[in-house]
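Contents: one structure, followed by commentary.
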Amino acid sequence: MSQHFLLSKHARSLSLARVARMSEEEARDAFKQIRWASTEGEPVCPHCGCLGVYSYKSRPVFKCKACDHQFSVTSGTIFASRKLPISTYLLAIAIFVNGAKGHSALQLSRDLDCQYKTAYVMAHKIREAMAAEVETMKACGEVEIDGAYFGGYVKPSNYKENRRDRRLAINQNGKRRVVVIMRERAGRTLPFVFKSEAESVPTLEARIDAGAVVHADEATHWDRLHARFLTKRINHEWAYSDEGACTNKAESFFSRLRRAEIGTHHHIAGPYLKAYAREMAWREDHRRVSNGEQYLMVANAALTHPVSRQWKGYWQRSA
C-alpha cells in the first residue's frame with residue numbers, strides 16, 4: 001500500500017524551529033524576498049511604483065526618490081501599522097499553517113507570548129488574506145453544492161417539563177446560519193454564509209459557470225438550478241452516490257469544518273463564521289501541498305493584500 005502524502009517526508013518542508021530562530025534582520029529580508037519577488041527583494045515604492053529608493057541606516061524604512069514617500073516592508077499590506085517584530089509575524093504564519101484543523105487565537109497567543117486580542121486580530125488578518133484569492137472566482141466543471149448549519153445552539157432547560165422542541169423556529173435564538181459550499185471536483189472550494197439554503201440560490205447562479213455540471217441533493221430549493229445548469233440530483237435517503245451524482249466532496253469539507261469547530265475553536269458561529277469557513281476551504285484545497293509551500297503561499301497572500309478595512313483598528317472601535 002502506498003504511503004499517504006501527509007505521512008511522507010514531502011509534506012514536511014517547514015521547520016518551526018528554524019523560523020523561530022530567525023533574527024529580526026533575517027525575517028525582514030525574508031519579507032522583502034516574498035513581497036518584492038519580481039525585483040529579487042529590492043524595495044518598490046507602494047505609492048508610485050518607483051524602483052529607486054533610499055534606505056535609512058538608523059531605522060528599517062525606505063524613502064522613494066520620486067515621490068518622497070516613506071514606507072516599510074509591511075506598508076500597504078494587511079500587516080500595516082504593526083507593533084510586533086517582523087519575526088513574530090513570520091512565526092505566526094508558520095504556526096497557523098501547521099494546524100491541520102485550524103489554530104485558535106488563544107493557543108496562538110500562548111505560542112507567541114502576546115495578548116489574546118493581538119493573536120485574535122492577527123489570525124483573522126491571515127484568514128482574510130488566505131480567502132482573497134477566490135473572492136471573485138467562479139466555479140466551473142463538475143460542481144458539488146450543499147449546505148450545513150452552524151451555531152445558534154439553544155441549551156435545553158434543566159427540568160423536562162420546561163423543555164421545548166429546539167428544531168422549531170419559534171424556539172431558536174436566530175443565530176443559526178448555514179454554510180453553503182460550491183466545490184469543484186479536482187478544483188477549488190467556495191463557501192458562503194446565509195440564513196437558509198434557499199437564500200443562497202441567486203448567489204450560486206451568479207458564481208457558477210454556465211457550462212458547469214451541478215451536483216445537489218434532494219432539497220427542493222435546488223430545483224431552480226435545472227433551468228440554468230445541467231443538474232444531477234442524489235437522494236440521500238436511499239443512496240450517497242448513484243451514476244456519478246453525489247455531493248461527497250462537499251460533505252468532506254463540512255467534516256473538516258465540524259472538526260475545527262468541535263476540536264479547535266469550539267464556537268465559530270456569528271459574524272465571523274464566513275472567515276472560518278473560508279479558512280477551512282483553503283486548507284481543504286491545499287491539503288496535499290507541503291507545509292513549507294503553504295507557508296510561502298500565505299505569507300505572499302498577506303504581503304500582497306491591501307490594508308484590512310475590517311481588522312485595522314478592530315479593538316479601538318470597541319468591537
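The values are calculated or read from the model by the stated rules, or taken from the named source; none is laboratory data. Just so we're clear, the structure is a prediction, and the values are computed from it rather than from any experiment. Cβ atoms come from the backbone with ideal geometry, glycine included; neighbour counts cover every protein chain shown. Surface areas here come from the heavy atoms of the whole protein model, side chains and all, with no ligands, DNA or RNA. Shrake-Rupley method; radii C 1.70, N 1.55, O 1.52, S 1.80 Å.
Some notes on this structure:
- Using a probe radius of 1.4 angstrom, the carbon and sulfur fraction of the accessible surface of the chain is 50%.
- Cα-projected label distance for Asp165 with Ser23, points at 7 Å along beta-carbon direction, nm: 7.0 nm
- Gain in span if fully extended, Asn173 to Leu16, counting 0.36 nm per residue against the direct Cα distance: 52.3 nm
- Extension gain, His47 to Ser241, is 64.5 nm, computed as 0.36 nm per intervening residue step minus the present C-alpha separation.
- Accessible surface calculations at 1.4 Å, restricted to protein heavy atoms, place the chain at 55 Å² per residue.
- Kirkwood hydrodynamic radius over Cα pairs of segment 27-96, then Stokes diffusion coefficient at 20 °C and 1.002 mPa s, in µm²/s: 169 µm²/s
- In order along segment 60-70, the Karplus-derived 3J(HN,Hα) couplings, from 6.51 cos²θ - 1.76 cosθ + 1.60 at θ = phi - 60°, round to x, 10, 10, 9, 6, 6, 8, 10, 6, 6, 9 Hz, and Gly and Pro are given as x.
- Averaged over residues, the count of other Cβ atoms within 10 Å places the peptides 6-12, 58-64 in the sequence 58-64, 6-12, highest first.
- Computed over the Cα atoms of the chain, pair by distinct pair, the Kirkwood hydrodynamic radius stands at 22.1 angstrom.
- Ordered by 1.4 Å accessible area with all protein chains kept, Lys125, Lys160 run largest first as Lys160, Lys125.
- Helix-derived mean residue ellipticity, 222 nm - over the chain, DSSP H n ≥ 4, -39500 (n - 2.57), to 500: -9500 deg cm²/dmol
- For Ala206 and Asp113, a Förster radius of 51 Å and the Cβ-Cβ distance give a FRET efficiency of 0.70, rounded to the nearest 0.05.
- Diffusion constant of segment 263-319 at 10 °C, which comes from Stokes-Einstein with the Kirkwood Cα-pair radius and 1.306 mPa s, µm²/s: 117 µm²/s
- Coordinate range along principal axes, alpha carbons of segment 161-319, Å, largest first: 51, 48, 29
- Furthest towards positive pole of dipole, Phe31, His47, Leu14, structure part segment 10-51, Cβ charges: Leu14
- Simple spin-label estimate for Arg59 and Asn300 gives 3.2 nm between the two label positions (7 Å along the Cα-to-Cβ direction from each Cα).
- Distance histogram for segment 1-147 (every C-alpha pair counted, 10 angstrom bins, percent rounded to whole numbers): 9, 30, 31, 21, 7, 1, 0
- Expressed to the nearest 5 percent, the antiparallel share of DSSP beta bridges inside the chain is 70 percent.
- By definition, a body whose alpha carbon gyration tensor gives a ≥ b ≥ c is oblate when a/c is 1.5 or more and a/b is not larger than b/c, and segment 244-294 fits this oblate description.
- Relative to the longest principal axis of the Cα atoms of the chain, helix 24-35 runs at roughly 60 degrees.
- Degrees separating the helix 116-131 axis from the principal Cα axis of the chain, which is the longest one: 80 degrees
- 0 to 90° range, to nearest 10: angle between helix 86-98 axis and the chain longest Cα axis: 30 degrees
- Computed from the C-beta positions of Phe194 and Ser2 and an R0 of 41 Å, the FRET efficiency is 0.55 to the nearest 0.05.
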